[in-house]
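Structure, as structure tokens:
The values are calculated or read from the model by the stated rules, or taken from the named source; none is laboratory data. This one's a predicted model, so the numbers in the text were calculated from it and none came from an experiment. Note that each Cβ is placed from the backbone with ideal geometry, even for glycine, and that neighbours are counted across all protein chains shown.
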Amino acid sequence: MTSMFDVVGLGNAIVDVISQQDDAFLQKWDINKNAMNLIEEDRADLLTKASINALETSGGSGANTIAGIASLGGTGAYIGKVADDRLGEVFRKDMAAVGVPFETAPLTNGPATARSIIFVTPDGARSMNTFLGASIEFSPEDVSEETVRNGKILYLEGYLFDKEIAKTAFVHAAEIAHAAGRKVSLTLSDSFCVDRHRESFRHLIKTQIDVLFANEEELLSLYETRDFDAAVEALRADNALAAVTRSEKGSVVIGDGEPIHIPAEPVSRVVDTTGAGDQYAAGFLFGLARDYPLATCARLGHIAAAEVISHYGPRPEVPLSTLAADAGLIG
């Protein structure tokens with residue numbers, strides 16, 4: 001079966017509102033510095049208005065990954081929920097600008113578009129204030145069967161797992177993909193997310209997931225152990241293919257045979273680690289969709305991650321296709 005997209009992403013559709021502020025501003029608004037703070041809509045509105053000269057850009061972990069695939073020269077589509085409001089239109093236009101179709105119908109009655117209001121202080125700390133809004137109103141009815149069938153790989157974002165209706169949507173999308181002969185991948189997203197949904201994630205991994213992405217802490221949380229090698233063995237028993245990132249230690253790819261250890265790419269200066277895991281997944285999925293060897297998929301992931309941690313923001317500033325070509329990985 002032919003496909004229109006390398007990867008179809010499904011996750012939280014969030015607009016990042018980023019502005020430069022000082023510590024006095026954080027104290028004035030009682031914001032926990034260098035942390036992620038969940039907030040309600042009224043506070044989100046106040047902080048948005050207080051964000052002077054803010055940059056507004058589409059965000060969310062899964063959307064960042066699909067944008068990374070586009071930067072590599074791949075094709076992707078995104079499925080998520082925004083409201084019928086100004087920031088929802090910002091998200092839609094921003095995804096279109098990087099060549100990613102986003103056609104999910106907007107929410108017309110309910111909370112506003114999700115946003116992460118990020119204040120960057122002079123020392124580089126990022127204080128995030130996240131209102132999940134319309135993004136978590138995602139339901140099975142929002143899953144475009146045609147879009148899912150047209151992707152070689154379906155990529156599910158673990159952050160969207162907090163509502164039962166979203167879990168149902170995950171399984172529904174996975175079943176559509178598998179019925180069309182496609183692969184289904186999942187990112188665990190965050191160790192706190194794993195703590196909340198450990199049993200559901202493990203069931204999903206055993207029954208629906210072909211490719212799993214996790215960092216070391218997420219993997220250890222998933223199997224409730226501090227022994228990395230034991231966690232890897234447990235994952236090998238549960239899943240056919242997985243990529244586990246370990247920061248400066250590189251990544252471990254679990255497939256047929258013994259695990260493959262791939263070193264991280266050198267980085268002259270780490271500026272902002274936001275989006276590193278998202279972009280690793282972008283490189284790996286791009287390679288997987290093109291049937292590259294697993295070691296090459298992981299190297300593409302590390303090249304993408306190295307680029308994004310060298311500057312502020314979770315998306316590439318230098319075309320990843322250029323960096324991958326310079327490394328001799330793509331033509």
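Which one of the conditions (1) in contact with a strand residue (DSSP E or B) (Cβ under 6 Å, 6 or more places away or on another chain); (2) farther than 27 Å from Asp238 by Cα; (3) of a type outside the set (Asp, Glu) does His261 fail to meet, given that it meets all the rest?
(2)
Say we look at the range 262-316 and pick out the residues that are hydroxyl-bearing (Ser, Thr, Tyr) and assigned to a helix (DSSP H, G or I); which of these is farthest from Leu329 (Cα to Cα)?
Taking the range 262-316 and keeping what is hydroxyl-bearing (Ser, Thr, Tyr), we get 268, 273-274, 280, 292, 296, 310, 312.
If we keep only those that are assigned to a helix (DSSP H, G or I) as well, we get 280, 296.
On the way: Tyr280: 15, Thr296: 7 Å.
Only one residue fits best here, namely Tyr280.
Give the range 303-331 a look and list any residue that's charged (D, E, K, R) and either without any contact (Cβ under 8 Å) to a residue 24 or more places away in the chain or surrounded by fewer than 24 Cβ atoms within 10 Å (Cβ to Cβ) (or both), or say none. Show your work before the answer.
Residues of the range 303-331 that are charged (D, E, K, R), as a first pass: 307, 315, 317, 326.
If the condition is that a residue be charged (D, E, K, R) and either without any contact (Cβ under 8 Å) to a residue 24 or more places away in the chain or surrounded by fewer than 24 Cβ atoms within 10 Å (Cβ to Cβ) (or both), then Glu317, Asp326 are the ones that fit.
So which of Leu300, Leu235, Leu285, Leu294 is touching a strand residue (DSSP E or B) at 6+ places or on another chain (Cβ under 6 Å) and either under 26 Å from Thr57 (Cβ atoms) or surrounded by fewer than 16 Cβ atoms within 10 Å (Cβ to Cβ) (or both)?
Leu285
Of everything in the range 81-99, what is outside any helix (DSSP H, G or I) and surrounded by fewer than 21 Cβ atoms within 10 Å (Cβ to Cβ)? Give them in sequence order. Even if it seems obvious, please write down each step before you answer.
So in the range 81-99, the residues outside any helix (DSSP H, G or I) come out as 81-85, 98-99.
Selection gives Asp84, Asp85, Val98, Gly99.
Would you be able to say whether some residue in the range 22-41 is at pLDDT below 95, on the phi > 0 side of the Ramachandran plot and either more than 18 Å from the chain's Cα centre (by Cα) or among the aromatic types (Phe, Trp, Tyr) (or both)?
Yes, there is a match, as at least one residue in the range 22-41 is at pLDDT below 95, on the phi > 0 side of the Ramachandran plot and either more than 18 Å from the chain's Cα centre (by Cα) or among the aromatic types (Phe, Trp, Tyr) (or both).
Give just the number: which of (1) over 23 Å from Thr104 (Cα atoms); (2) at pLDDT 95 or above does Arg182 not satisfy?
(1)
Looking at the range 241-263 only, could you name the residues that are small (Gly, Ala, Ser), surrounded by 14 or more Cβ atoms within 10 Å (Cβ to Cβ) and at pLDDT below 95?
We begin by selecting, within the range 241-263, every residue small (Gly, Ala, Ser); these are 242-243, 247, 250-251, 255, 257.
Narrowing the set further to residues that are surrounded by 14 or more Cβ atoms within 10 Å (Cβ to Cβ) leaves 242-243, 247, 250-251, 255.
Selection gives Ser247, Gly255.
Which one of these does Ile118 not meet: (1) of a type in the set (A, V, I, L, M); (2) crowded, with 19+ Cβ neighbours inside 10 Å; (3) touching a helix residue (DSSP H, G or I) at 6+ places or on another chain (Cβ under 7 Å)?
Only one criterion is unmet by Ile118, namely (3).
Pick out the one residue from Val270, Val318, Val253 that is within 21 Å of the chain's Cα centre (by Cα) and closer than 25 Å to Ile209 by Cβ. Explain how you work it out, then say what you get.
Numbers: Val270 fails: closer than 25 Å to Ile209 by Cβ; Val318 fails: closer than 25 Å to Ile209 by Cβ.
The conditions single out Val253.
Given the residues Leu72, Leu107, Leu55, Leu132, which is the only one that is more than 24 Å from Ala169 (Cβ to Cβ), crowded, with 20+ Cβ neighbours inside 10 Å and not hydroxyl-bearing (Ser, Thr, Tyr)? Quick ask: steps written out before the conclusion?
Values: Leu107 fails: more than 24 Å from Ala169 (Cβ to Cβ); Leu55 fails: crowded, with 20+ Cβ neighbours inside 10 Å; Leu132 fails: more than 24 Å from Ala169 (Cβ to Cβ).
Of Leu72, Leu107, Leu55, Leu132, the one residue that is more than 24 Å from Ala169 (Cβ to Cβ), crowded, with 20+ Cβ neighbours inside 10 Å and not hydroxyl-bearing (Ser, Thr, Tyr) is Leu72.
I need every pair where a residue in the range 273-287 that is β-branched (Val, Ile, Thr) has its Cβ under 6 Å from the Cβ of a residue that is buried (at least 24 other Cβ atoms within 10 Å of the Cβ), sequence separation at least 6 or different chains.
Here the result reads Thr274/Pro314, each pair linking the range 273-287 to a residue that is buried (at least 24 other Cβ atoms within 10 Å of the Cβ).
I'm checking my understanding of the structure. Among residues of the range 142-173 that are at pLDDT 95 or above, touching a strand residue (DSSP E or B) at 6+ places or on another chain (Cβ under 8 Å) and part of a helix (DSSP H, G or I), which one is nearest to Phe131 (Cα to Cα)?
Asp142
When the residues of the range 277-330 are filtered to those that are of a type in the set (Phe, Trp, Tyr) and farther than 16 Å from Arg246 by Cα, which remaining residue is modelled with the lowest pLDDT? Can you show your working first?
Residues of the range 277-330 that are of a type in the set (Phe, Trp, Tyr), as a first pass: 280, 284, 286, 292, 312.
Keeping just the survivors that are farther than 16 Å from Arg246 by Cα gives 286, 292, 312.
On the way: Phe286: 98, Tyr292: 97, Tyr312: 77.
Among those that are of a type in the set (Phe, Trp, Tyr) and farther than 16 Å from Arg246 by Cα, it is Tyr312.
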